[in-house]
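A short reminder: the numbers here are calculations on the coordinates, not readings from a lab. From a predicted model like this one, the values you see are computed outputs, not experimental measurements. No Cβ is skipped: glycine too gets one built from the backbone with ideal geometry, and neighbour counts run over all protein chains shown.
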Amino acid sequence: MKNLDRNSKGGVYLTITPFFPTHSSFRGSFVYDQVNAIIKSGRFDEVVVIRPNRKCKKALKYRYQEVTVYEIPFYESPSLILNGSFNGLNRRNFLKRFDESDIKLESIRYVHCHVSYFAGLGLALKELNPKIKCILQHHDPDPFTIRNGRFSHCRWNLRYRALRNIELFQKVDLHVSVSRRVEENLVRFPDCSNAEVDRDYIEKVKLIKDLPNATIKESYVLHNGVDLEKFSKKSDHEAAELFNVGCVANFIDWKNQLLLIQALKELVAAPESEEVRLHLVGSGPCLADCKRFVCEHKLDRYVSFIDEIPHGDVVEFYNKMDLFVLPSTFEGFGCVFLESYACGVPFMTCKWQGMDDYIAPEESRKWLFEAHDARAIAESIRNFKTKRWEQVLTKPIDINILINDFLDRLERL
């Protein structure tokens, strides 16, 4: 048995998440870092992951680094229509698979579920062992998942999935949000903040304003920290003729890489800014539109598109950049911002995103720009390129510090 912290009681810490790496995919590395930090805390006898997977046909067990992972089938409705209608089936299947595992129900102290889909699985274990504390972590500003799916514009569909989640959320012992922005949308639902900038979310909330509020028992903000053993500045940044701007993100609508390319077009129109280069890493449905814009506006020499980089190698990419920019309008937090910062590269993003938590109000004009405004992005990049301000964040970024504070909070549940 490990040497336990003086506040520890041992037992099992169980994480239920669809976001976790496999031997063939590094997706979910941010949850792995969280799980690894919990292991490093030494407060538990065992830390185990259950990974629901809708593509999985049968249960299997694997090891990823030092973590035991149970992968189980999970069912969801096509196009997420009436999402939550499979809750009963998933619950029965989950409990069956759990009984077949090596995990002892009576040993579980905490079950930590990621995103609303999986709250019902953690609560199923809590019903069998009431001593378990059920935690639900929300990663984006849509905790009730009303924005997803082909039928998300239909009021009847929105009401159904929201009501199912309201019912589950009221039973959860602690809701964890990755930023104040996510927490505000959680506790204000079915309303949203007056500062909300995502037009799609605003329109969907308007359709269900008559729904009851969910009673949130307790709430905690846990920022996604960085493993500083992985991410660091490798050496002093060498002076170069080119000014390199980096961006790492999936090419989806609200990440707004196209807006960033439009900002680049504004920049290079000025002769003194021709040395700017933009490096975009990722894949997704909006990639083709971005490449088309680059081609049509003859920006090929200024923009490079890079396929996904393994999480362990992306540190080399950050270290070659002068600035990291991601103009998301629906960013719950964004681990990539702190990863770049840990590598000595400052970042910029839109106002009213998760990273607001780390920027002092008096510094916001340097690092935060208005949403949906390519000219504002171009002006912010131009100002930094000229003045090279130092970026100083207001909160710790070390994931081990953040997780230990979080585990202290769990002891008081």
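The figures follow:
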{"quantity": "Descending semi-axes in whole angstrom, ellipsoid equivalent of the range 165-316, from the Cα gyration tensor", "calculated": "38, 22, 13"}
{"quantity": "Most mobile of Ser41, Ser77, Ser152 in a GNM of the chain (Cα contacts under 10 Å)", "calculated": "Ser77"}
{"quantity": "Tilt relative to the chain, helix 119-128 - C-alpha long axis, 0 to 90 degrees, to 10", "calculated": "20"}
{"quantity": "Cα shape, the range 243-387, gyration tensor, a/c 1.5 rule", "calculated": "rounded"}
{"quantity": "Most mobile listed residue (Pro190, Pro361, Pro141) in the chain, GNM with C-alpha springs under 10 Å", "calculated": "Pro361"}
{"quantity": "Amide H partners (placed H, <5 Å) of Val303, local residues excluded", "calculated": "Leu278"}
{"quantity": "Tensor-based shape of the range 118-248 (alpha-carbon gyration tensor, a/c under 1.5 rounded, otherwise prolate or oblate)", "calculated": "oblate"}
{"quantity": "Over 26 Å between alpha carbons, listed pairs Lys204/Lys351; Lys40/Lys96; Lys230/Lys291", "calculated": "Lys40/Lys96; Lys230/Lys291"}
{"quantity": "Value of relative contact order over the chain, rounded to a whole percent, pairs C-alpha under 8 Å and six or more apart", "calculated": "14"}
{"quantity": "Taking the range 82-195 and dividing mean pair separation by its residue count, relative contact order in percent (alpha carbons under 8 Å, at least six apart)", "calculated": "27"}
{"quantity": "Mean Cβ count within 10 Å, highest first, over the residues of peptides 251-260, 379-388", "calculated": "251-260, 379-388"}
{"quantity": "Net +/- balance of residues flanking Cys335 in space, Cβ distance below 12 Å, scoring K and R +1, D and E -1", "calculated": "-3"}
{"quantity": "Cα pair distances of the range 47-93 binned at 5 Å [whole percent]", "calculated": "5, 20, 23, 23, 14, 9, 5, 1"}
{"quantity": "Trypsin sites (Lys or Arg not before Pro) restricted to DSSP loop in the range 133-235 with at most 10 other C-beta within 10 Å", "calculated": "Lys209"}
{"quantity": "Radius of gyration, Dmax [the range 36-115; alpha carbons; angstrom]", "calculated": "14.1, 42"}
{"quantity": "Choice from His223, His138, His23 with maximal GNM fluctuation in the chain (Cα, 10 Å cutoff)", "calculated": "His23"}
{"quantity": "On Cα atoms only, tilt of 257-268 relative to the major axis of the chain in degrees", "calculated": "20"}
{"quantity": "Crossing angle, helix 155-169 versus the chain [Cα axis fit, 0-90 degrees, rounded to tens]", "calculated": "60"}
{"quantity": "Relative contact order computed over the range 243-387 (Cα-Cα under 8 Å; 6+ residues apart), in percent", "calculated": "28"}
{"quantity": "Karplus 3J(HN,Hα) series, Hz, for the range 56-71 with 6.51 cos²θ - 1.76 cosθ + 1.60 (x for Gly, Pro)", "calculated": "7, 8, 8, 5, 8, 10, 8, 10, 10, 6, 9, 9, 7, 10, 9, 9"}
{"quantity": "Karplus (6.51, -1.76, 1.60) ³J(HN,Hα), θ = phi - 60°, over the range 276-285, in Hz, Gly and Pro reported as x", "calculated": "6, 10, 10, 10, 10, 10, x, 8, x, x"}
